[in-house]
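The values are calculated or read from the model by the stated rules, or taken from the named source; none is laboratory data. Note that the coordinates shown come from a computational prediction; the quantities given were computed from them, not determined experimentally. Virtual Cβ from ideal backbone geometry, glycine too; neighbours counted across all protein chains shown. Areas reflect the complete protein model, heavy atoms only, side chains present, ligands, DNA and RNA absent. Shrake-Rupley method; radii C 1.70, N 1.55, O 1.52, S 1.80 Å.
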Amino acid sequence: MSPEDESAFEQLSKAERVIKALETLAKECMGEGLDPFADRIATCIAHCQDDYVAMQRRLYKRTAGKPPKPSGTKH
């Protein structure tokens with residue numbers, strides 16, 4: 001797998017963590033009665049999820065769905 005593909009898998013993983021963090025933040029806002037903030041965060045989450053799916057599709061199409069091998073292994 002190319003270094004670019006490995007980097008793209010790392011970005012995908014980071015993007016997933018960001019989406020989860022935004023979901024947690026939205027729940028906290030709802031719990032604090034900050035519904036307008038939670039609504040805006042939910043909109044942001046929807047856009048991020050769309051971008052995530054697009055990134056995932058492009059990457060899996062390029063790599064035939066194969067995740068990267070751990071560093072130090074032969075390809």
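Here is how the numbers come out for the structure above:
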item	result
Structure-derived percent of Cα pairs over 14 Å apart: which label, when the choices are (i) 60; (ii) 75; (iii) 66	(iii)
Within the accessible area of region 1-68 (1.4 Å probe), percent carbon and sulfur	55 percent
Neighbour net charge for residue 26 - beta-carbon separation under 14 angstrom, K R +1, D E -1	-2
Residue 64-residue 10 FRET efficiency (beta carbon distance; Förster radius 30 Å; 0.05 resolution)	0.95
Inter-probe distance in nm under a simple model that places probes 7 Å from Cα toward Cβ, at residue 53 and residue 18	1.8 nm
Theoretical ellipticity at 222 nm over the chain - DSSP helices of four or more residues, -39500 (n - 2.57) apiece, nearest 500	-28000 deg cm²/dmol
